[in-house]
1. For the range 157-219, build the charge dipole from Cβ charges (+1 Lys, Arg; -1 Asp, Glu) around the Cα centre, then report which of 175, 159, 196 sits farthest towards its positive end.
2. Taking the Cα centre of the range 38-132 as origin and charging only Cβ (+1 Lys, Arg; -1 Asp, Glu), how large is the dipole, in debye to the nearest 20?
3. Bin width 10 Å, alpha-carbon pairs only: give the P(r) of the range 81-202 as whole percents, running from 0 to the bin holding the largest distance.
4. Please report the relative contact order for the range 147-219, taking Cα pairs under 8 Å with a sequence separation of at least 6, and give it as a percent rounded to a whole number.
5. So for the chain, what percent of the C-alpha to C-alpha distances run longer than 21 Å?
6. Among the lysines, which have Cα under 30 Å from the Cα of residue 34 when same-chain residues fewer than 8 positions away are ignored?
7. List the pair-distance distribution P(r) of the range 3-88, using every Cα-Cα distance, as the percent of pairs falling in each 5 Å bin from 0 up to the bin containing the longest distance, rounded to whole percents.
8. Given the rule -39500 (n - 2.57) for each run of at least 4 DSSP H residues, summed and divided by the residues of the chain, what is its mean residue ellipticity at 222 nm, to the nearest 500 deg cm²/dmol?
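The values are calculated or read from the model by the stated rules, or taken from the named source; none is laboratory data. Quick caveat: nothing in here was measured; it's all calculated off a predicted structure. All Cβ positions, glycine included, derive from the backbone under ideal geometry; neighbour counts span all protein chains shown. Protein only, heavy atoms only, side chains kept; ligands, DNA and RNA dropped before computing areas. Shrake-Rupley method; radii C 1.70, N 1.55, O 1.52, S 1.80 Å.
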Amino acid sequence: MKFFIDTANLDQIREANDLGILDGVTTNPSLMAKEGIVGEAAVMQHYKDICAIVDGDVSAEVISTDYAGMIAEGEKLAALHENIVVKVPMIKDGIKAISYFTRKGIRTNCTLVFSAGQAILAAKAGATYLSPFIGRIDDISWDGMDLIKSIAEIYAVQGYETQILAASVRTPLHIVQSATNGADVVTCPLSAILGLLKHPLTDIGLAQFLADHAKANKA
Ligand code: E4P
């Protein structure tokens, strides 16, 4: 399973990249706004900055919701860097745009996916990645992980090549469950990635090893 970081914060991207386990980055308009990245020129430059840090796929989301606008924006974004993946919302014109980008060899990430039916349509259109939002499903007391599992089953049965990118990840457990249920990629905040490191027995064991070493090597 590939690991993407879900942020537009350059310091956090660097910190995750330094771990040596990072395969890419996802952003969205809310994450860009959170970093104060405003206006087309600044947004474009920010994507270039991210691509300069991480050697992996970087999802850049279109703002337009009409076909012509999504095509114009997506082509501009894709031209920024070979690692840019154009992120397109799961709406009717979005599916048309993904089909167009597929024909043109531009890679896409279909975002805001909440059902297996949507996942089938995106795969038919040739999306490179599909982003089911598991945390937002959990937020309304459904089970986001059931959706990952059901999409993974459908894609395996049908032989679809679209990669399942578990998004809206909130916790380390979401990462573990995504791996169990067949996600190809997980995109998560830095806190969830770092949360995977934690186990009290690791800390206790290390403290004991170091204490024993210090005792034995006392001058
Ligand atoms: C990533 O591609 C999504 O935009 C993101 O994971 C959404 O996460 P949120 O539900 O925590 O905003």
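1. 196
2. Using only the charged Cβ atoms, the result is roughly 380 debye.
3. 14, 43, 31, 10, 2, 0
4. Relative contact order comes out at 28 percent.
5. Values: 13459 of 23871 pairs.
Of the Cα pairs, 56 percent sit more than 21 Å apart.
6. 2, 48, 76, 87, 92, 96, 198
7. 3, 15, 28, 26, 17, 7, 3, 1
8. On the way: 11 runs with 119 residues, N = 219.
Taking each H run of at least 4 residues, the total per residue is -16500 deg cm²/dmol.
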